Amino acid sequence: MMDIRKLRLTGFKSFVDPTELVVDAGLTGVVGPNGCGKSNLLEALRWAMGENRAKTMRGEGMEDVIFAGTDKRAAKSYAEVSVILRNTTSLHDEDTDLQVSRRIQRGAGSVYRLNGRETRARDVQHLFVQSGSGAHSSSLVRQGQIAQIIQAKPMDRRIIIEEAAGIGGLQSRRREAELKLKQSQDNLSEIQDLED
């Protein structure tokens, strides 16, 4: 199991300056007045977990997460979010910390890092899905989402329940395995056709 310990943001939407949110045990929600950045915190977490749909981030393109500037502050050239996790599934006796970071630079795209080493988006997404969370996890509830769940179709509700039960990652790996198996079968058929 992995617990989120800290969230560090720089240049992400309204968080222009380096900001750190410490997540103490038992934190279940963030409250505050309108416009203080609650939704941006949740979006930063989802983004670092591998969210790739700009619409989900309330933008037209992924670069819209970078602070765009105001009359009094210059625009930033990049945004970076780091999630520091306590990994309690470590094979060692002690818990270990993992740091997952995502950085986007204007015109250069995103780079993911796991403990400082560059990694693929897919690896980051799998890490979170295996821990029972992730960018699309039902444990991250955004504004208006409760109404969507209540009004959801049965199949959509099933997906939400599977994620909450922690089997969403298994379904994802199953789909990947099925695609690999189909590709292997197609390759085998092609080889057999060449032999004939």
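The values are calculated or read from the model by the stated rules, or taken from the named source; none is laboratory data. No experiment lies behind these values; they were computed from the predicted model shown. Ideal geometry is used to build each Cβ from the backbone, glycine not excepted, and the neighbour counts take in all protein chains shown. Each accessible area value is taken on the protein alone, full model and side chains, heavy atoms only, with ligands, DNA and RNA left out. Shrake-Rupley method; radii C 1.70, N 1.55, O 1.52, S 1.80 Å.
Points to keep in mind about this one:
- Residue list for segment 20-62, restricted to those being aliphatic (A, V, I, L, M), within 16 Å of Gln105 (Cα to Cα) and under 13 Å from the mean Cα position of the chain (by Cα): Ala44, Ala48, Ala54
- Residues satisfying the stated conditions in segment 13-48, i.e. hydrophobic (A, V, I, L, M, F, W, C) and in a loop (DSSP other than H, G, I, E, B): Val16, Val23, Ala25, Leu27, Val30, Val31, Cys36
- Number of the condition not met by Glu51 [criteria: (1) open to solvent by 40 Å² or more (accessible area, probe 1.4 Å); (2) closer than 24 Å to Arg122 by Cβ; (3) not in a strand (DSSP E or B)]: (1)
- Leu9 being part of a strand (DSSP E or B), aliphatic (A, V, I, L, M) and crowded, with 20+ Cβ neighbours inside 10 Å: yes
- Residue match in segment 27-39 (condition: closer than 19 Å to Glu63 by Cα and either among the basic types (Lys, Arg) or touching a Lys or Arg at 6+ places or on another chain (Cβ under 7 Å) (or both)): yes
- Inspection of segment 64-81 finds no residue satisfying the criterion of being surrounded by fewer than 18 Cβ atoms within 10 Å (Cβ to Cβ) and under 24 Å from Val129 (Cα atoms).
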